[in-house]
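What follows is a short report on a single structure.
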Protein chains: 2
Amino acid sequence: MNQIKAEIIAIGDELLYGQIIDTNSHWISQELTKIGVRVIQRTTVGDQEGSILKAFEEAEKRADIILMTGGLGPTNDDLTKPLLAKYFECEIALVPEALEAVRSFFEKRGRELTPLNELQAHLPTKCTYVPNEVGTAPGMWFEEHGKQWMSMPGVPHEMKKLMEDFVLPKIKATHKLPIIYHKVIKTVGIGESWLADLIKHWEAGLPDHIRLAYLPSLGQVKLRLTAFGEDYDELQADVETQIDLVKPLIDKYIFGYNSETLEEAVGRLLKQKNKKLALAESCTGGYISHMITSIPGSSKYFQGGVTPYHNEFKTKLLSVDPEILKTHGAVSEATVVTMAQEVRSMFNADIGLSSSGIAGPGGGWKEKPVGTIWIACSNGEKTISKKLQLTQDRMLNIQLTAISALNLLRLVLTDQTE
Amino acid sequence: MNQIKAEIIAIGDELLYGQIIDTNSHWISQELTKIGVRVIQRTTVGDQEGSILKAFEEAEKRADIILMTGGLGPTNDDLTKPLLAKYFECEIALVPEALEAVRSFFEKRGRELTPLNELQAHLPTKCTYVPNEVGTAPGMWFEEHGKQWMSMPGVPHEMKKLMEDFVLPKIKATHKLPIIYHKVIKTVGIGESWLADLIKHWEAGLPDHIRLAYLPSLGQVKLRLTAFGEDYDELQADVETQIDLVKPLIDKYIFGYNSETLEEAVGRLLKQKNKKLALAESCTGGYISHMITSIPGSSKYFQGGVTPYHNEFKTKLLSVDPEILKTHGAVSEATVVTMAQEVRSMFNADIGLSSSGIAGPGGGWKEKPVGTIWIACSNGEKTISKKLQLTQDRMLNIQLTAISALNLLRLVLTDQTE
């Protein structure tokens, strides 16, 4: 089967000046890859006639599908439409249906149609008008020069709606695309090379039609399995078989699948096990609490938290013995253990989770350099603590500590702390 | 003066598959624009010899400077180096200095040099070796075919270091660039169109050599003034004159200049005025605390915070009268006022800041729909509260509330609450 090739062209001076970041091309790349279209190039050009026409020409030589974003606003400097008409040698004429759509878009918002907006309903005669339900610049679909072309506005949610409602279904309906099944295994608490080492025999034995990709991110590694074939259900079964084989090798590190985040996974476990959580954060300064509460419905399992940023409040609010602070310091096992235990009672929780460390960049010394951090998790029966030796970077230390703490909580909840 | 033109080429299948987002091209665009180089195109290609060579060829026709990122790792699929050697018709040979650098990089980290890493010290003979102090893939600078070329690794912090230490100074030293002076005024608490309305007469009177750009982001609007001319000091003076004129019109909304963030500005004010802060967060769930503590040195002015995520803890820890909770609810002026006042004493602070609201997506009702949020700030003398009516989106509500709360704190600290 020949692979269908696509090229993405983003248009706009504001992209080249770095005023806005082009998240559109990234999103389109992901969506096309998912349905089995191969993205072969992405090009960003400014609002210059020569550059845009040259980009059309070059893309046409390489790709079967050319998707364009940007350059469709109501102001003068938006060039895409006249250049498409020029490139495909046609006129620009009023599309009554498009005018009606723009008019009703403004009516609903109680705003008046301006002559500039009216112009947005004038389209190249060779295009198929594609209604934009969430904005005023319509999509334009061309089948010219033996290729498929789509022009979309640069506003991300308008582009996404046009892609989902029209472009992706159209591409699927008009091309024979490979059948693809993806599943992502999400791991935490192990580095990429160690993970690779644990699963190397399994990886070597993967059938030819299943590919593996390692996708590392902060403190986590995703394993993406992609199966190619003729039958979706068969591919799904094949991938599940492989997951059943790899799972026992790395079970301790797997927290979820596909789009589930670590904070969602921890929330799911807390709900399943009907356990309530409380947090005592020092060096993470509220970041774990923020991660937990960013999940809708977290009030079901999150009782609350306290951030005693100075020793006196560790003593006053969490009964950390001043003697401990004097002998062991605030960054010590004894301190985080007390914090985790005490915050449980403070918030009538089942589980207490704590952090204390030197986030940096200042404040370290020889015995406890920047990046020295202790975390602890207490469930009433036992309290598990862990020392981390992280980086010189404050924000990185905060984020990595939060991930380690959530992972410790996950291991406690699933009885995997050995 | 002829504008110097640059093209950016990002190399890597992982970009075209949408596995990672290309923040490099965006950052390079910004930095080049700042020094007066015009970015004319950005191209992203995969790990295919044909596409990469074609991209070199095309870029060479358009640009004076070609900057490449990616395709330099130690694994087999990294193509950039052999293709640069092919394109410029030269050999690849060991650069002893580069080998020494890689060796010492590994030594410092207590790791052993692998043969693959050793290969990274083999470079095209026509390039100037540019040391990479924070990674193992060196930078390569070429002056070939009448153009300047730089190849850099795709890891963002490695690329940035090479750009800052070598590429940008080199470009400035070898081209006559226009003199440009930028200053950014940072505002919070006012929307773009209202801001534009307040300063429209000033904007209309700006001299021709100073341009204004509105750069809106979440809850904030940046005003960037860019002056073009012959003399840097003169441009700086011209921009300062304009800022002196616009300041009285929008003084209340200005929190800082250039790269200063709102949380940095608030920290600066707290330090200047020698005031200590405590936080009582309900709906923001620790996010304000995270913003405050993300700033190095925040322990100087941040005492701590508490997140009582349920009513019982608002009563137990912050003495919110159960009667108030019953009559007015947790999302009420009376509740946030008590929270702000009580958290001051809890943490021996000068100022208490609080939030309580319905972040969503669930939990709203007719009288208090999702997005209804109260914030308060107490300095002991007075307590200022504010009601916000925000969005349906949980994360957006959390972020916008945090920004509003920090702004309220800023206004209290600067006696601008009228």
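Using a loss threshold of 10 Å², tell me which positions in the stretch B:281-295 are less accessible in the complex than in their chain alone. Probe radius 1.4 Å, ligands and nucleic acids ignored.
Buried by the other chains: B:285, B:286, B:287, B:289, B:290, B:293, B:294.
Measure up A:5/B:160; A:275/B:316; A:86/B:61; B:147/B:183; A:108/A:160 against 28 Å on the Cα-Cα distance and list the ones that go over.
A:5/B:160; B:147/B:183
Quick check: the distance between the Cα centres of the stretch A:363-394 and the stretch B:143-168, to the nearest angstrom?
38
With the crude spin-label approximation of a point 7 Å out along Cα→Cβ, what separation in nm comes out for residue A:86 versus residue B:202?
Going by the 7 Å Cα→Cβ label model, 3.9 nm.
Counting alpha carbon pairs within less than 8 Å and at least 6 residues apart, what relative contact order, in whole percent, applies to the stretch B:267-413?
In percent, rounded to a whole number, it is 24.
Taking the Cα centre of the stretch B:179-257 as origin, work out the dipole magnitude from +1 charges on Lys and Arg Cβ and -1 charges on Asp and Glu Cβ, in debye rounded to 20.
Dipole magnitude for the stretch B:179-257 comes out near 500 debye.
Sort out for me the Cα centre separation of the stretch B:15-65 from the stretch A:194-267, rounded to whole Å.
The distance from the Cα centre of the stretch B:15-65 to that of the stretch A:194-267 comes to 33 Å.
Mind giving me the FRET efficiency for residue B:328 and residue A:273? R0 is 51 Å, r the Cβ-Cβ distance, nearest 0.05 is fine.
0.90
Tell me which of A:400, A:274, A:168 sits at the most positive position along the dipole axis of chain A, charges placed on C-beta atoms (Lys, Arg +1; Asp, Glu -1).
Result: A:274.
With a point put 7 Å past each Cα toward its Cβ, work out how far residue B:366 is from residue A:53 in nm, to one decimal.
6.3
GNM on chain B, C-alpha springs below 10 Å: top fluctuator among B:214, B:309, B:17?
Looking only at B:214, B:309, B:17, the biggest GNM fluctuation is shown by B:17.
For the stretch B:267-413, what % of the accessible area comes from carbon and sulfur atoms, probe 1.4 Å?
49
So, for the protein assembly as shown, what is the accessible surface per residue at a probe of 1.4 Å, expressed in square angstrom?
43
May I ask which residue of B:286, B:18, B:322 lies farthest towards the positive end of the charge dipole of chain B, with charges of +1 (Lys, Arg) and -1 (Asp, Glu) on Cβ and the Cα centre as origin?
Projecting each Cα onto the dipole axis, the largest value belongs to B:322.
Give, ordered by residue number, each residue of the stretch A:340-375 whose 1.4 Å probe accessible area is reduced by a minimum of 40 Å² on adding the remaining protein chains to the chain alone.
Those residues are A:346, A:347.
Between residue B:176 and residue A:261, what is the FRET efficiency for a Förster distance of 51 Å, r being their Cβ-Cβ separation, to the nearest 0.05?
0.50
By per-residue mean of other Cβ atoms within 10 Å, what is the highest-first order of B:156-162, A:96-102, A:372-378?
Most protected by this proxy first, the peptides run A:372-378, B:156-162, A:96-102.
Rounded to the nearest 20 debye, what is the charge dipole size of the stretch B:5-174 about its Cα centre when +1 sits on each Lys and Arg Cβ and -1 on each Asp and Glu Cβ?
Rounded to the nearest 20 debye, it is 580 debye.
Counting only protein heavy atoms and using a 1.4 Å probe, what share of the accessible area of the stretch A:5-174 belongs to carbon plus sulfur, as a whole percent?
51
Once the other residues with Cβ under 15 Å from the Cβ of residue B:216 are scored (Lys, Arg +1; Asp, Glu -1), what is the net sum?
Counting the neighbours of residue B:216, the net charge comes to 0.
Would you work out which of B:129, B:55, B:105 lies farthest towards the positive end of the dipole of the stretch B:54-172, given +1 charges on the beta-carbon of Lys and Arg and -1 on that of Asp and Glu, about the Cα centre?
The one lying farthest along the dipole's positive direction is B:55.
What's the Kirkwood radius of the stretch B:267-413 in Å, using all Cα pairs?
14.9
For the stretch A:13-39, which residues drop by 30 square angstrom or more in accessible area between the chain on its own and all protein chains together (1.4 Å probe)?
Listed in order, they are A:16, A:17, A:18, A:19, A:21, A:26, A:33, A:38, A:39.
So for chain B, Kirkwood radius off the Cα pairs, Stokes-Einstein at 10 °C and 1.306 mPa s: how many µm² s⁻¹?
63
Share of antiparallel DSSP beta bridges in the stretch B:1-129, in percent to the nearest 5?
Roughly 20 percent of the beta bridges in the stretch B:1-129 run antiparallel, per DSSP.
So, with +1 on the Cβ of K and R and -1 on the Cβ of D and E, and no other charges, what is the size of the charge dipole of chain B about its Cα centre, to the nearest 20 debye?
Roughly 1300 debye for chain B.
Assuming a ≥ b ≥ c are the square roots of the Cα gyration tensor eigenvalues, decide whether the stretch A:165-221 counts as rounded (a/c under 1.5), prolate (otherwise, with a/b larger than b/c) or oblate.
oblate
With a sphere of radius 15 Å drawn around the Cβ of residue A:196, what net charge do the other residues whose Cβ falls strictly inside it have (Lys, Arg +1; Asp, Glu -1)?
Around residue A:196, the charge tally is +1.
For the stretch B:5-174, what size does the Cα cloud have along each of its three principal axes, sorted from largest down, in whole Å?
Here the Cα extents, ordered largest to smallest, are 43, 33, 33 Å.
Volume per residue, Å³, of the convex hull around the alpha-carbon atoms of the protein assembly as shown?
Value for the protein assembly as shown: 193 Å³ per residue.
Taking the simple approach of a point 7 Å from Cα along Cα-to-Cβ for both residue B:392 and residue B:348, what is their distance in nm?
With each label point 7 Å from Cα toward Cβ, the separation is 4.9 nm.
Using helices alone, I'd like the mean residue ellipticity at 222 nm for chain B: each DSSP H run of four-plus residues gives -39500 (n - 2.57), total over residue count, nearest 500.
-11500 deg cm²/dmol
Assign one of three labels to the stretch A:1-69, namely rounded, prolate or oblate, based on the Cα gyration tensor with a ≥ b ≥ c the square roots of its eigenvalues; rounded applies when a/c is under 1.5, prolate when it is not and a/b is larger than b/c, and oblate otherwise.
oblate
Show me you know the interface measure: the accessible area buried between A and B, both chains summed, probe 1.4 Å, in Å² to the nearest 100.
The A and B chains share an interface burying roughly 4900 Å².
The values are calculated or read from the model by the stated rules, or taken from the named source; none is laboratory data. This is a predicted model, so every value here is computed, not measured. Heads up, the Cβs are rebuilt from the backbone with ideal geometry, glycines too, and the neighbour counts pull from every protein chain shown. The protein model used for the area step is the full one, side chains on, heavy atoms only, and it has no ligands, DNA or RNA in it. Shrake-Rupley method; radii C 1.70, N 1.55, O 1.52, S 1.80 Å.
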